[in-house]
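Read the structure below first, then the notes.
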Amino acid sequence: MSSSPRRTPTPPGRSSGRAAIPSSRGPRSSSRSRAGPAGSPRSRRSSPRRASTSGASSSSAPQPASWRPRSPSTTSSGPARSSGSTERQRRSGTPRPHGLCRAPALPRADRSRYAPRHSEVLMPKAERIADVLAGRTPPGAPVTVQGWIRTRRDSKAGLSFLHLHDGSCFAALQVVAPATLDNYADEVLRLTAGCAVTASGTLVPSQGQGQALELVADSVEVVGWVDDPETYPIQPKRHTFEYLREVGHLRVRTNTIGAVARVRHSLAMAIHRFFDERGFYWVHTPIVTASDAEGAGEMFRVSTLDLGNLPRTPDGAIDFAEDFFGRPTYLTVSGQLNIESYCLALTRVYTFGPTFRAENSNTSRHLSEFWMVEPEIAFADLGDNADLAEDLLRSAFRAILDERADDLAFFAERIDREAITRLEALVASSFARMEYTEAVEVLQRSGRAFEFPVAWGLALQAEHERYLCEEYAKRPVVVVNYPKEIKAFYMRLNDDGRTVAAMDVLAPGIGEIVGGSQREERLDVLDARMRELHFDPAAYWWYRDLRRYGTVPHAGFGLGFDRAVAYATGMANIRDVIPFPRTPGSADF
RNA sequence: UCCGGCGUAGCUCAGUGGUAGAGCGGGUGACUGUUAAUCACUUGGUCGUAGGUUCGAAUCCUACCGCCGGAGCCA
């Protein structure tokens with residue numbers, strides 16, 4: 001929209017082969033996801049754990065029946081399917097011990113597609129590896145697991161060790177594959193990182209160090225091979241995050257991004273739980289908005305007009321009456337104005353959804369598409385608002401400490417030594433509170449030579465905010481009551497006439513994680529502020545109505561969800577805590 | 001957008017004017033209840049692209065493309 005035009009050709013520095021991967025793999029992955037979440041209603045109903053909506057993770061869900069091909073009508077129709085079979089047949093016609101040909105023999109491929117699975121005959125379902133490792137499987141009982149190979153190690157003692165991940169937890173399950181398996185030489189010895197398998201066997205105490213339990217397999221069925229192990233993008237080694245962003249469709253198979261995905265989920269659920277337990281209602285505010293001056297940032301235009309042939313009014317301007325909504329529309333930069341409407345009826349509400357900013361921001365803390373949590377509370381002032389922000393953050397991070405200890409241990413070991421201690425400190429202590437005026441004094445007294453000037457009336461720069469929370473308070477700081485000139489029109493004017501009831505929560509290492517305010521509930525004051533800032537009150541007629549009909553003091557804030565995930569994990573770049581980051585000039589995958 | 005840095009094998013990087021390298025990965029073999037196993041051999045590059053300087057350019061110059069970090073904007 002308002003960002004720069006897309007470069008069309010394959011970017012230099014990328015091999016054409018790699019660039020071709022998405023298109024060549026598209027059909028396959030989509031067919032897999034069809035076989036997953038779109039499985040039979042029966043299996044979906046009977047599996048409360050299958051909350052995931054992604055094709056990849058659903059494949060690891062404990063319901064073989066839900067993604068196994070079942071009826072001829074869903075498995076064998078369509079030219080793509082049959083040509084795929086032909087392709088596989090041709091490639092596997094002359095099996096070679098190594099090289100590019102790693103497809104299994106045709107009968108096996110056929111069986112996996114059209115016949116009942118081995119695992120289904122013996123086992124009612126597969127277990128999540130998390131459940132297996134947590135001891136929820138009786139010792140000695142037969143177990144089936146499904147997942148992707150991370151490493152394979154062979155022993156001349158007549159067995160191979162497979163480390164299998166299914167994403168259910170940080171740890172891998174060690175599968176011991178004895179050489180006596182039918183397909184040991186043909187298949188097990190050819191397994192490489194990324195291969196998908198179904199392994200059945202018996203859970204036993206491990207003879208080796210490094211894990212308490214392991215699965216001694218009596219069957220290892222290869223579900224999906226890796227075409228070319230040499231160029232499989234995710235190798236069992238350290239990759240830079242920059243590189244992993246180039247393989248965004250596969251990077252979740254790494255320890256780090258997988259752990260981020262689980263923490264992200266748990267944090268989102270903890271936030272919903274926090275609000276639900278306190279009587280807040282989740283409100284789905286619109287993504288498309290016509291408010292073009294919410295003041296929160298540049299907006300993406302939403303339009304169906306033909307950009308090559310724009311309709312014009314008689315005076316030559318673009319005729320938005322011809323556009324889809326009959327007026328200029330944009331992607332939302334905040335659900336706040338809408339959530340205030342629901343707040344003034346439901347009292348406690350919040351939004352949790354995607355938000356869009358077309359700023360040309362190129363930093364480790366900004367995304368063009370990000371997720372924001374925006375609570376709004378009625379009959380409340382700025383103090384209540386700050387209390388809510390603090391309670392929310394502490395509660396949500398407490399939940400992460402409780403629920404994702406395995407992933408956090410990894411972050412503390414490999415990503416950020418302070419990952420756990422920082423969260424524990426935040427959960428255990430209260431946030432510092434500080435007036436803007438006081439913050440300015442603290443900065444002026446600090447003796448620091450800041451790059452940007454510190455004076456009452458000026459905005460706090462990143463270096464100032466960092467000093468306040470990282471060095472002065474050494475914990476999150478809530479700064480309140482900013483000069484009205486540097487804050488938005490809807491923030492409530494304080495009695496001093498020069499400050500507004502705004503607040504920012506500054507977190508060490510991440511900066512501003514929450515921004516909010518008590519809203520101006522007095523219509524005359526609101527109108528005066530809008531006039532000062534040259535806003536057209538008529539455009540905000542419905543927002544003004546809220547002040548005409550039963551207005552009450554109310555307040556709310558925005559929590560940058562992705563920044564919270566970054567804070568919780570210690571990840572340095574926000575692009576690595578959202579599944580598919582959108583940033584200026586980049587909307588891959 | 002501004003400032004700075006980077007672009008060399010599938011990945012991580014070394015190579016600062018004179019025969020393109022290492023580790024990891026892949027392959028082969030040895031060895032082993034292994035733990036990102038170990039050891040040996042082997043495979044693998046149009047040095048981002050296009051110009052220019054030079055007898056000679058991965059190396060120096062220019063432009064462009066891409067990526068990263070910092071800043072601004074903000075969550």
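Taking packing as the residue-averaged number of other Cβ atoms within 10 angstrom, the listed peptides A:363-371, A:525-533 run from highest to lowest as A:363-371, A:525-533. The order of the peptides A:135-143, A:274-282, A:459-467 by mean Cβ neighbours within 10 Å, most packed first, is A:459-467, A:274-282, A:135-143. Rounded to two decimals, the Cα radius of gyration of the range A:223-323 over 2.2 N^0.38 Å is 1.81.
Calculate how large, on average over all directions, the projected area of the Cα convex hull of the range A:331-425 is; give the answer in nm² to one decimal. Intermediate values should be presented prior to the final figure.
Values: hull surface 32.6 nm².
Answer in nm², one decimal: 8.2.
Amide H contacts of A:Asn183: none lie under 5 Å away among residues 5 or more positions distant or on a separate chain (H built 1.01 Å from N in the peptide plane; Pro and chain starts excluded).
Note on A:Lys237, A:Lys487, A:Lys474: ascending count of other Cβ atoms within 10 Å places them as A:Lys237, A:Lys474, A:Lys487, the fewest first. Rounded to the nearest Hz, the phi-derived 3J(HN,Hα) couplings of the range A:489-498 under the Karplus curve 6.51 cos²θ - 1.76 cosθ + 1.60 (θ = phi - 60°) are 5, 8, 7, 6, 6, 6, 5, 6, x, 10, where x marks glycine and proline. Annotation: amide H-H contacts under 5 Å for A:Val302 (H modelled 1.01 Å from N, sequence separation of 5 or more, or interchain): A:Thr329, A:Tyr330, A:Leu331.
Between A:Leu162, A:Ala141, A:Ala126, the Cα set farthest toward the positive side of the dipole of the range A:122-173 (charges on each charged residue's Cβ, about the Cα centre) is that of A:Leu162. Kirkwood radius and radius of gyration were both taken over the C-alpha atoms of the range A:345-395, and their ratio Rg/Rh is 1.08.
In this structure, the amide hydrogen of A:Ser368, modeled 1.01 Å from its nitrogen in the peptide plane, lies closer than 5 angstrom to those of A:Arg582, A:Thr583, counting only residues at least 5 positions away or on a different chain.
May I ask you to order A:476-483, A:387-394, A:317-324 by the average number of other C-beta atoms within 10 Å around their residues, highest value first? Please list the in-between numbers first.
On the way: A:476-483: 23.4, A:387-394: 20.2, A:317-324: 13.9.
Result, highest mean Cβ count within 10 Å first: A:476-483, A:387-394, A:317-324.
Averaging the sequence gap over all C-alpha pairs within less than 8 Å and six or more residues apart, then dividing by the number of residues, gives the range A:487-528 a relative contact order of 38 percent.
Values quoted throughout were computed directly from the atomic coordinates according to the rules given, and no laboratory measurement underlies them. Note that this is a predicted model, so its numbers are computed, not measured. Cβ coordinates were reconstructed from backbone atoms using ideal geometry, including for glycine residues, and neighbour counts include every protein chain displayed.
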